[in-house]
Amino acid sequence: MPRLSADRQHSVRFELNGREVEAQAEPRMLLSDFLRHVLAMTGTHVGCEHGVCGACTVEIDGMAARACLTLAVQVEGARVRTVEALAPGPGRLSILQEAFRRHHGLQCGFCTPGILMSLDIFLRAHPAPSEIDIREYLSGHLCRCTGYAPIVAAALDAAEKLREADIIG
Amino acid sequence: MHAVTDKPPGWLGRSVERLEDAALLTGAGRFVDDIAPPPGTLAAAILRSPRAHARIGAIAIDAARRLPGVAAILTGADVAAMSAPLAAGIKAPLECWPIAIDRARYVGEPVAVVVASDRYIAEDALDLIAVSYEPLPAVVDPIAAMQPTATLLHDKLGANIASDRSFCYGDPAAQFAAAATRIAVSVRYPRNSCTPIETYGVIAEYAASDDAYDVTANFMGPLSMHPVMARALRVPGNRLRLRTPPDSGGSFGVKQGLVPYIVLIALAARLAGRPVKWIEDRLEHLSASVSATNRVTKLAAAVDADGRVRALDWDQIEDVGAHLRAPEPAALYRMHGNLTGAYDIRHVCVRNRVVLTNKTPSGLNRGFGGPQVYFALERLMQRIARELGLDPLDVIRRNLVPTGAFPYRTATGGLLDSGDYAGAIERAVAQGTLAELRARRVNARGQGRLYGIGYAAVVEPSISNMGYITTVLTAQERARAGPKNGAFATATVAFDPLGCVSVQIASTPQGQGHRTVAAQVVADVFGLAPADVRVLGELDTARDAWSIASGNYSSRFAGAVAGAVHLAAQRLAAKLKRAAATQLNVAPDDVVFAGARAQARDNRDNAMAFSRLAAATHWSPGLMDAGDHALRETVFWTPPELAAPSDADAVNSSLCHGFIFDFCGIEIDRVTGAVRVDKYVTMHDCGRVLHPGMVAGQITGGFAHALGAALYEEFAYAPDGSFLSGTFADYLVPTAMEIPQPLMLHMETPSPFTPLGAKGVGEGNCMSTPVCIANAAADALGVDQVELPLLPARLAAHFHPREEFPKGTTAATAVAIGARQGDGAMTLHGRGVVEIARVPQDVWAMLLDAKTLAAIIPGAGAIEKLSETHFRVDVTLGVGPVRGDGHALVL
């Protein structure tokens, strides 16, 4: 564990969406601010800065985490994935993203990156969730546009399509 | 566009995939905080009043100013010197500023703005500003605020009542005298907000060379606020350039409340001499962005024995908070034309009072005025049934505006454009299987469970008349000010030299999918696919077509803006058809656009590429009628039905009126008092449906807001005005676990007044659902009075005996910590006893030593010895993410 000084910038090296990155951060800088304003990865959104809304959810070493409750210096040496990593390529969407578009699982799209990150992680570990499983898992996220019904439908549909892809693959 | 490509043309009415989604799903959206601001942009943070009511003495900014990185600090004195108050909607001696000037009137009111090199440093500097507050008594309750002895918020006004108007339509007194009975309800609608997940954001620049401001903000309109902001900034309208970002993270009315912050940050940029960016945080948003009004309503009906309502008597007391911010008191008047709801009631009297209290100023919020009105009206209909021993649904049916009576002029001047209310109800009853729900209630009650059924019939107004707010003025005042009415929607359609189509709309979308629907509309007119049409939703007041009615409110997109897009595309289509007729050698009427081609109606091989035709004006102007072009058309559309209020105060406050009929079954847990929504049915008639997926999304989204308002959400204030719901852990937004899926039913009676027959649909459930659930709760409990939100503790009070404190404790010790009430000071109180096994003088010696004292007081900072026995200690106390600084005097 490196000793950090509160009044100076520290170098933070980590893997972001499969690429090594390195940038400077004060110890108090939030990971959400670091991603957005230092590394210009603005897909991760900030909705409450106290860990309730879930918009800033990212993946850190395979686990879903709130970027607003994480300090930038904490991801030193970690593997971080954000919403920018989900699509298989430019101009393409993942199965989960496509399901969201098909079911109108988003309106303003502000909470969506966090929800996609949570579901991406969840569906890897739980390939055949029930509706109540998904609702319970999604209860860590606030969406004010959709009323959640189309999000739940998209998640269930994506789970099924991912299972089919897995069988074919 | 998969899943739809094989179908014939006719994109409208289909749930095509949204053009907005690919960017939003991949993190490529461009929200206000994603846009790269100009180089050298500084960050702002706002110091806010911790007190609900206080005179502001000295503001010591020197220490903050000396912090490295701090560029400027703006206080009330600067704002007063550089700007003018925000204009109000009524004539009254009230000054509304974007910052506290000499006096703070609500918790969260801005007191100073720090501009620094980054947000972290700006927030550091906030901690270094010392403000001297002289507490004043706070008044939170609107009824208390009206008392002659109440503390005054605005001294020049001489009272806390900003407006008091009475209206009379027909002869209600005679009807009340003649009717069999008078039945009344007295209700309170609480404060809440739809809290978009993206907060406010402003980037402002000031060019001294031009004395002009350039502001980008996720403001949603209405653009009637543009002149308010320009005047406040003391610049001509053409020197306030206002732009919106391409994406906005939800609004639901709330982002109208940016107005004072746009002015404030623009002034901060001017003072700093650099561009300034401010992104609101969530605590700021919850405490001090904007709130829906809370309202106290007494509503009485003159009723015949069979439940027929002859007349209504409204008494509405609107609590707008600490300032009357334009466009308020609009929430009190938006429903004026439809105060009789879905009912054929010809006699109405109304008294409307606007009251100021020490709470956050109110503003637009989904449903705007509707939840408050329908909570009273539909509670009344249920009460009538209860008192007369009738079925509530029969009382609703008996009073409906008859099918075939449309367009129907209401007693208060509204013009209900179209509908079949009785037909919609019968369909909902059948398709929603009400009979089965009633059987469920019988069964549940047989088992001793608390089960109730509620109903609500609601007329959902959309496309506001820009003149409705002037109903708050007297006819003489209106005559002096000149008539205000209409609601210009604008849209521009243009062709580029490759014959590709671009559309620009001034509806400032906040996630609803306007760009997709506009593309569907244009694709249908030109025989293209939606993906061929590029639609820009961002607005730039310096370049784009707009009017004061532009913006995203009153559910005006589908009826007004999509209609304007349609008209603009049709104008171009007519010109193109004349040009194509010459080339195809057929009559213009025989030219059809389909499959990206212009072709002869009877001979599809006689055709040309649409893009070639659309590009023609650029390359060969001679192909068009002499002097004409088909390059770009901007349509300004306003409906003639939106007339100014009459001399008798009759007003058609909205152009369109959808219909909603809801019913639900709920169960209240006998142990916990928690409400479970067993079944919810919502029938909508929003005219022609342009995109079923989006209509469903508006309904499920509005329903979720409404369920939150019914069961969980409330901006809570302590009696001293301190704010109790400043985090999402306190202000409870429902999650996927709390929101059941409603059964949505539809019918379509197109509006005769809009180009496409569509009406608004975004707000209706916020009007119908809270009262529908409340009616079900009243039915379950068999009580007259229920209060929103239907918190378990409130409901349990109806069936649990009052809890007593355990023996040996008193109320005083049981409530160990609480804010002192009524004196306006925010003082934390604690009480407790600790026994220390030492002789008293040892303990005194310890307590009178400054160092020891600092060590044993939690959160103690600087300590100052005032005398041998008095110390002043800076204390920081925190609970979870909430932190407060204060001073303690220890003696």
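Does B:T492 meet the test of being away from chain A (no Cβ under 14 Å), in contact with a Leu (Cβ under 8 Å, 6 or more places away or on another chain) and surrounded by fewer than 24 Cβ atoms within 10 Å (Cβ to Cβ)?
So B:T492 does not fit the description; no.
Filter region A:10-40 down to the residues that are away from chain B (no Cβ under 12 Å), without any contact (Cβ under 8 Å) to a residue 60 or more places away in the chain, farther than 20 Å from B:K277 by Cβ and not in a strand (DSSP E or B) and list them by number.
The answer is A:L31, and nothing else.
Among the residues of region B:703-714, is any in a loop (DSSP other than H, G, I, E, B), at pLDDT 95 or above, open to solvent by less than 40 Å² (accessible area, probe 1.4 Å) and over 29 Å from B:L655 (Cβ atoms)?
Taking every residue of region B:703-714 in turn, at least one turns out to be in a loop (DSSP other than H, G, I, E, B), at pLDDT 95 or above, open to solvent by less than 40 Å² (accessible area, probe 1.4 Å) and over 29 Å from B:L655 (Cβ atoms).
Looking only at region B:654-688, which residues are within 19 Å of B:L711 (Cβ to Cβ), surrounded by 24 or more Cβ atoms within 10 Å (Cβ to Cβ) and touching a Phe, Trp or Tyr at 6+ places or on another chain (Cβ under 6 Å)?
B:F663, B:C664
Within region B:700-710, can you find the residues that are touching a strand residue (DSSP E or B) at 6+ places or on another chain (Cβ under 8 Å) and facing chain A (nearest Cβ under 8 Å)?
B:T700, B:F703
B:Y717 is checked against (1) within 11 Å of chain A (Cβ to nearest Cβ); (2) closer than 18 Å to B:L286 by Cβ; (3) aromatic (F, W, Y) and fails just one. What number does that condition carry?
The single condition B:Y717 does not satisfy is (1).
Within region B:529-545, work out how many residues are surrounded by fewer than 24 Cβ atoms within 10 Å (Cβ to Cβ) and either part of a loop (DSSP other than H, G, I, E, B) or not acidic (D, E) (or both).
Of the residues in region B:529-545, 10 are surrounded by fewer than 24 Cβ atoms within 10 Å (Cβ to Cβ) and either part of a loop (DSSP other than H, G, I, E, B) or not acidic (D, E) (or both).
Within region B:235-275, how many residues are within 14 Å of chain A (Cβ to nearest Cβ) and among the hydrophobic types (A, V, I, L, M, F, W, C)?
The total comes to 2.
Identify all residues within region B:227-237 that are in contact (Cβ under 8 Å) with a residue 60 or more places away in the chain and open to solvent by 10 Å² or more (accessible area, probe 1.4 Å); write none if there are none.
B:P227, B:V228, B:R231, B:R234
Kindly list, by first and then second residue, each pair from a residue in region B:148-171 that is assigned to a strand (DSSP E or B) to a residue that is surrounded by fewer than 19 Cβ atoms within 10 Å (Cβ to Cβ) and of a type in the set (G, A, S), limited to pairs with Cβ atoms under 8 Å and residues at least 6 apart or on different chains.
Within 8 Å, the pairs are B:A162/B:A92; B:S163/B:A92; B:Y169/B:A648.
I'd like the full set of residues that are surrounded by 24 or more Cβ atoms within 10 Å (Cβ to Cβ) and either modelled with pLDDT under 95 or assigned to a loop (DSSP other than H, G, I, E, B) (or both), limited to region B:414-431.
B:G414, B:D417, B:G419
If you go through region B:731-748 one residue at a time, how many are open to solvent by 30 Å² or more (accessible area, probe 1.4 Å) and over 14 Å from B:A709 (Cα atoms)?
7
I'd like the full set of residues that are charged (D, E, K, R) and in contact with a Lys or Arg (Cβ under 8 Å, 6 or more places away or on another chain), limited to region B:605-626.
B:D625
In region A:124-139, how many residues are outside any helix (DSSP H, G or I) and either facing chain B (nearest Cβ under 8 Å) or surrounded by 24 or more Cβ atoms within 10 Å (Cβ to Cβ) (or both)?
Residues meeting the conditions: 1.
Just give me the residues in region B:188-225 being aliphatic (A, V, I, L, M) and within 14 Å of another protein chain (Cβ to nearest Cβ), in sequence order.
Of everything in region B:188-225, those that are aliphatic (A, V, I, L, M) and within 14 Å of another protein chain (Cβ to nearest Cβ) turn out to be B:I197, B:I203, B:M220.
Keeping to region A:76-106, report how many residues are in contact with a strand residue (DSSP E or B) (Cβ under 7 Å, 6 or more places away or on another chain) and at the interface with chain B (Cβ under 9 Å from one of its Cβ atoms).
Summing the residues that are in contact with a strand residue (DSSP E or B) (Cβ under 7 Å, 6 or more places away or on another chain) and at the interface with chain B (Cβ under 9 Å from one of its Cβ atoms) in region A:76-106 gives 1.
Just to be sure, is A:A153 more than 8 Å from every other protein chain (Cβ to nearest Cβ), open to solvent by less than 70 Å² (accessible area, probe 1.4 Å) and either over 15 Å from A:S94 (Cβ atoms) or modelled with pLDDT under 95 (or both)?
yes
Can you spot a residue in region B:20-36 that is polar (S, T, N, Q) and either in a helix (DSSP H, G or I) or more than 14 Å from chain A (Cβ to nearest Cβ) (or both)?
no
Select, from A:T70, A:T112, the only residue that is facing another protein chain (nearest Cβ under 7 Å), under 30 Å from A:E22 (Cβ atoms) and either of a type in the set (S, T, Y) or in contact with a Lys or Arg (Cβ under 7 Å, 6 or more places away or on another chain) (or both).
Checking each option against the conditions leaves just A:T112.
Being over 15 Å from B:I279 (Cβ atoms), within 13 Å of the chain's Cα centre (by Cα) and either among the hydroxyl-bearing types (S, T, Y) or open to solvent by 10 Å² or more (accessible area, probe 1.4 Å) (or both) is the filter here; which residues of region A:41-69 pass it?
A:M41, A:T57, A:E59, A:I60, A:D61, A:G62, A:M63, A:A64, A:A65, A:R66
Could you pull out the residue among B:R449, B:R409, B:R438 that is surrounded by fewer than 20 Cβ atoms within 10 Å (Cβ to Cβ) and under 28 Å from the mean Cα position of the chain (by Cα)?
Every option except B:R409 fails the conditions.
Just to be sure I understand the filter: pairs with C-beta atoms under 8 Å, separated by 6 or more residues or on different chains, first member in region B:202-225 and open to solvent by 40 Å² or more (accessible area, probe 1.4 Å), second member in a loop (DSSP other than H, G, I, E, B) and of a type outside the set (A, V, I, L, M, F, W, C). Which pairs pass?
Going by the 8 Å Cβ cut-off, the qualifying pairs are B:E205/B:P38; B:E205/B:P275; B:Y206/B:G273; B:A208/B:G273.
If you go through region B:299-321, how many residues are open to solvent by 20 Å² or more (accessible area, probe 1.4 Å) and either within 14 Å of chain A (Cβ to nearest Cβ) or within 18 Å of B:R334 (Cα to Cα) (or both)?
Going through region B:299-321 one residue at a time, the tally reaches 2.
Just one of B:N352, B:N358 is touching a helix residue (DSSP H, G or I) at 6+ places or on another chain (Cβ under 9 Å), modelled with pLDDT of 95 or more, buried (at least 24 other Cβ atoms within 10 Å of the Cβ) and more than 19 Å from B:V771 (Cβ to Cβ); which is it?
Result of the check over B:N352, B:N358: B:N358.
Please determine whether any residue of region B:35-50 is touching a Gly at 6+ places or on another chain (Cβ under 6 Å), over 30 Å from A:L86 (Cα atoms) and not aromatic (F, W, Y).
Yes, the conditions are met somewhere in region B:35-50.
The values are calculated or read from the model by the stated rules, or taken from the named source; none is laboratory data. Owing to the predicted nature of the structure, the values given are computational and were not obtained by experimental measurement. For neighbour counting, all protein chains shown are included, and Cβ atoms are generated from backbone atoms with ideal geometry for every residue, glycine included. Accessible surface is based on the protein model in full, side chains and every heavy atom, while ligands, DNA and RNA are left aside. Shrake-Rupley method; radii C 1.70, N 1.55, O 1.52, S 1.80 Å.
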